[in-house]
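First the structure, in the form of structure tokens, and then the observations on it.
The values are calculated or read from the model by the stated rules, or taken from the named source; none is laboratory data. Quick caveat, the model's predicted, so the values are computed rather than measured. Please note: Cβ atoms are built from the backbone with ideal geometry, for glycine as well, and neighbour counts cover all protein chains shown.
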Amino acid sequence: MAGKTTVLQKETAQDEAGCAYSFAQRMQKTPKSFIREILKVTENPGIISFAGGLPNPELIDVDGIAKAAAEVLRDDGRTALQYSTTEGYLPLRRFIADRYKKRLGLEIAPDEILITNGSQQCLDLIGKVMIDPMDRVAIERPGYLGAIQVFSLYEPVFVPIDLRNDGPDREAFEAAICRESPKLFYCIPNSQNPSGITYSPEQRQACAEILKGHRTIVVEDDAYGELQFSGKAYPPIKKMLPDQTILTGSFSKIFSPGMRMGWVCAPKKIMEQLVIAKQASDLHSNYLSQRIASQYLATNDIDAHIRKIRAAYSRQRDCMINALQEEMPEGITWTCPEGGMFVWVTLPAGLSSMEVFNKALKEQVAVLPGVPFYVDGGGTNTLRLNFSNSSPERISEGVGRLGRVIRSFL
Ligand SMILES: Cc1ncc(COP(=O)(O)O)c(C=O)c1O
């Protein structure tokens with residue numbers, strides 16, 4: 001059955017002075033970002049926070065980016081600070097196309113790539129050009145909160161697709177596609193946010209076969225593809241269904257999230273619409289950021305940098321998994337991600353992760369309750385833990401405290 005549209009947060013129509021504001025209907029269906037709300041609580045540096053989803057700041061190459069910025073401003077400052085094209089800086093799009101070819105054997109031409117303001121903007125543009133109110137949008141259960149939030153603006157009916165350890169539940173997926181004919185299937189096959197699950201090659205193939213012949217467009221969000229710790233690159237669904245897949249990517253996790261650099265690759269007809277929507281939204285992405293990123297990529301060994309990030313996150317993941325094994329009482333399970341930044345924890349049925357969150361906060365450790373990742377309710381006994389932004393020492397200490405909090409409920 002299709003999930004209901006999430007109504008988590010009603011905007012108040014009246015302010016304290018009694019002024020009435022009539023907001024658009026769509027705002028009533030768009031949840032406030034629960035993560036941003038929680039992050040406000042966890043800003044205190046004394047708190048060990050597994051709640052957010054930040055890359056490790058130690059792994060941002062500040063000196064390298066400063067040098068690239070200085071070179072761009074020195075050599076071509078007036079152009080780099082000028083307006084530019086909506087599609088984005090061509091050498092950067094060529095870099096992305098070449099990398100797809102080299103890493104994944106994927107043939108994508110630079111003019112099939114649009115540079116966006118982070119990959120989050122891709123989701124907004126896709127929503128804008130594809131989703132009408134009440135359209136069906138299939139999404140993993142649990143699903144990425146940022147996608148739930150942005151798609152909600154376009155008032156779809158979400159169709160949740162349960163995830164197993166190696167990808168979507170095949171039978172449920174096929175049944176949902178046949179029954180609901182969703183316009184989009186949004187998925188994160190590499191190190192999914194929030195669950196950490198990576199689809200196996202067989203599951204990717206199975207998804208593609210199920211979708212073949214249907215009108216559903218796959219939105220394949222590959223924010224974490226470069227962060228598979230083994231360096232292994234799984235075949236993207238885009239390769240199996242090139243004309244039916246929109247692939248999104250991001251420099252946030254491998255370069256710098258603050259630069260807000262992402263991109264979308266789409267079949268020609270869809271790309272034409274995305275470019276119009278992008279033009280209407282913001283004319284083009286920050287051109288200076290594009291030039292700096294391009295200069296950096298041309299003058300630095302990005303593969304060596306990515307290897308460094310993978311090695312560090314892999315150690316942090318190991319540390320979290322070891323701590324969970326040592327500290328968690330029986331009946332608690334968790335995923336062991338092959339990459340990315342998150343571990344997904346399932347508590348015994350009936351134990352509320354919101355209560356665990358509140359009590360853990362008193363012990364100065366922050367976790368993220370899983371409820372907002374479910375478009376149809378549920379998940380009340382699940383938690384997301386981020387490992388990329390805490391040192392191994394703080395991970396061990398924080399999981400120890402969390403273990404004691406959970407024991408106190410059992
Ligand atoms: C799965 C996924 N997609 C997209 C994004 C958005 O990233 P950005 O806009 O920084 O590229 C994130 C951010 O954490 C994410 O986890």
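Quick notes on this one:
- Boolean, residue 143 is in a loop (DSSP other than H, G, I, E, B), in contact with a Phe, Trp or Tyr (Cβ under 9 Å, 6 or more places away or on another chain) and farther than 29 Å from residue 283 by Cα: yes
- Residue count, the range 359-410 (criterion: polar (S, T, N, Q) and surrounded by fewer than 16 Cβ atoms within 10 Å (Cβ to Cβ)): 3
- Considering residues of the range 253-297 that are of a type in the set (Val, Ile, Thr) and closer than 19 Å to residue 124 by Cβ only, the residue surrounded by the fewest Cβ atoms within 10 Å (Cβ to Cβ): 276
- Top-ranked residue in the range 218-252 [being of a type in the set (Lys, Arg) and farther than 20 Å from residue 125 by Cβ; ranked as surrounded by the fewest Cβ atoms within 10 Å (Cβ to Cβ)]: 232
- Among (1) touching a Leu at 6+ places or on another chain (Cβ under 9 Å); (2) away from the ligand (no atom under 16 Å from the Cβ); (3) of a type in the set (Val, Ile, Thr); (4) modelled with pLDDT of 95 or more, the one test that residue 41 misses: (4)
- Of everything in the range 132-147 that is of a type in the set (A, V, I, L, M, F, W, C) and at pLDDT 95 or above, the residue that is surrounded by the fewest Cβ atoms within 10 Å (Cβ to Cβ) is 134.
- Of the residues making up the range 377-399, those that are more than 19 Å from residue 39 (Cα to Cα) and not in a strand (DSSP E or B) are 378, 379, 380, 381, 392, 393, 396, 397.
- Residue 278 falls short on exactly one of the conditions (1) out of contact with any Leu (no Cβ under 9 Å at 6 or more places or on another chain); (2) in a helix (DSSP H, G or I); (3) within 16 Å of the ligand (Cβ to nearest atom), and that condition is (1).
- Top-ranked residue of the range 298-340 - restricted to ones that are part of a loop (DSSP other than H, G, I, E, B) and within 16 Å of the ligand (Cβ to nearest atom), ranked as surrounded by the most Cβ atoms within 10 Å (Cβ to Cβ): 340
- Residue within the range 119-131 that is assigned to a helix (DSSP H, G or I), out of contact with any helix residue (DSSP H, G or I) (no Cβ under 7 Å at 6 or more places or on another chain) and exposed (fewer than 14 other Cβ atoms within 10 Å of the Cβ) present: no
- Long-range neighbours under 9 Å by Cβ, at least six apart or interchain, first residue aromatic (Phe, Trp, Tyr) within the range 243-256, second in a strand (DSSP E or B) and buried (at least 19 other Cβ atoms within 10 Å of the Cβ): 251/261; 251/262; 251/263; 255/261
- Selection from the range 361-376 of residues that are of a type in the set (Phe, Trp, Tyr) and either in a helix (DSSP H, G or I) or more than 22 Å from the chain's Cα centre (by Cα) (or both): 373
- Close Cβ contacts (under 8 Å, 6 or more residues apart or on different chains) running from residues in the range 50-61 that are under 22 Å from residue 370 (Cα atoms) and part of a loop (DSSP other than H, G, I, E, B) to residues that are small (Gly, Ala, Ser) and within 15 Å of the ligand (Cβ to nearest atom) comprise 53/388; 54/388; 55/252; 55/388.
- The residues of the range 188-215 that are surrounded by fewer than 20 Cβ atoms within 10 Å (Cβ to Cβ) and closer than 18 Å to residue 126 by Cα amount to a single one, 215.
- The range 107-118, residues that are crowded, with 18+ Cβ neighbours inside 10 Å and assigned to a loop (DSSP other than H, G, I, E, B): 108
- Subset of the range 113-166 [within 23 Å of residue 368 (Cα to Cα), within 16 Å of the ligand (Cβ to nearest atom) and polar (S, T, N, Q)]: 119, 120, 149, 152
- Scanning the range 341-360 turns up at least one residue that is in a loop (DSSP other than H, G, I, E, B), in contact (Cβ under 8 Å) with a residue 12 or more places away in the chain and either under 21 Å from residue 199 (Cβ atoms) or within 16 Å of the ligand (Cβ to nearest atom) (or both).
- Members of the range 67-96 that are surrounded by 12 or more Cβ atoms within 10 Å (Cβ to Cβ), over 21 Å from residue 113 (Cβ atoms) and of a type outside the set (Asp, Glu): 67, 69, 70, 73, 77, 81
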